[in-house]
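In what follows, a structure is listed as structure tokens, so that the remarks can point back to it.
The values are calculated or read from the model by the stated rules, or taken from the named source; none is laboratory data. Nothing here was measured: the structure is a model prediction, and the numbers come from that model. Neighbour counts are summed over all protein chains in view; Cβ atoms, including those assigned to glycine, are modelled from backbone coordinates with ideal geometry. Remember, those area values only see protein heavy atoms, side chains included, never the ligands or the DNA or RNA. Shrake-Rupley method; radii C 1.70, N 1.55, O 1.52, S 1.80 Å.
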Amino acid sequence: MRRLARLLAAAALGIAPALATAGDVAVAWLAGATLKTHGSVPSQAPLGSLWKLFVYAYAAHQRLEAPPYRCGVAAMAGEEFCCEPGATVTLDTALARSCGPAFAPRRLGIDAVAWREFWSARMGQDPAWLTNLDRLGPDTEAPVVEILQTLAAFSPEARQAAMQALLPV
């Protein structure tokens, strides 16, 4: 599933993923409003690391001043990809490293009502998996077509910021 999440993000950000010849590679993309697939793509999938990309896009579009995330001196759960104990990471670096704690909506001061209004306006609907900020996380299941539609709804600024942050990886 982690590979599927990366390929979904790459496809939505306009980065053409190279298709490996191995049979386990699955790619999904939108052609207009139609879901296209290569390989075995489930109709629903957990968000995995993509939830951080949605928070990142919101923060970039809203121009939130995200304070650097400081890793605990005694590493806490979820920090294994973030930074050395006591060090800090910016939101861009946290995205590239898949540092979940840096994207905690409370830490970033994201208001649940503003979040719901933001995504509902972009989606033209109110998908509960996305607009319920308290439920958003790696285990949140969502229809693959809606995940792709949401990624496609990123503003050009958010898309460019995410591409720059992810370019090193």
When region 130-151 is examined, which residues are found to be in contact (Cβ under 8 Å) with a residue 60 or more places away in the chain and either of a type outside the set (Val, Ile, Thr) or open to solvent by 20 Å² or more (accessible area, probe 1.4 Å) (or both)? Leu130, Leu136, Gly137, Pro138, Asp139, Glu141, Ala142, Pro143, Val145, Leu148, Gln149, Leu151
For Ala75, which of the numbered conditions (1) over 20 Å from Arg159 (Cβ atoms); (2) in a helix (DSSP H, G or I) fails to hold? (2)
Of the residues in region 86-98 that are β-branched (Val, Ile, Thr) and free of Cβ contacts under 8 Å to residues at least 24 places away in the same chain, the one that is most open to solvent (accessible area, probe 1.4 Å) is Thr88
Against the condition assigned to a strand (DSSP E or B) and open to solvent by less than 70 Å² (accessible area, probe 1.4 Å), how does Ala162 come out, does it pass? no
Quick one: what pairs do we get from region 41-70, first residue more than 16 Å from Glu146 (Cβ to Cβ), second open to solvent by less than 40 Å² (accessible area, probe 1.4 Å) and of a type outside the set (A, V, I, L, M, F, W, C), C-beta under 7 Å, 6+ apart or different chains? Ser49/Ser98; Lys52/Ser98; Lys52/Gly100; Val55/Pro105; His61/Ser155; Tyr69/Pro101
Residues located in region 99-119, provided they are of a type in the set (Gly, Ala, Ser) and either assigned to a loop (DSSP other than H, G, I, E, B) or open to solvent by 20 Å² or more (accessible area, probe 1.4 Å) (or both): Ala104, Gly109, Ala112, Ala114
Would you pick out the residues in region 35-69 that are open to solvent by 30 Å² or more (accessible area, probe 1.4 Å), hydroxyl-bearing (Ser, Thr, Tyr) and touching a helix residue (DSSP H, G or I) at 6+ places or on another chain (Cβ under 9 Å)? Thr37, Ser43, Ser49
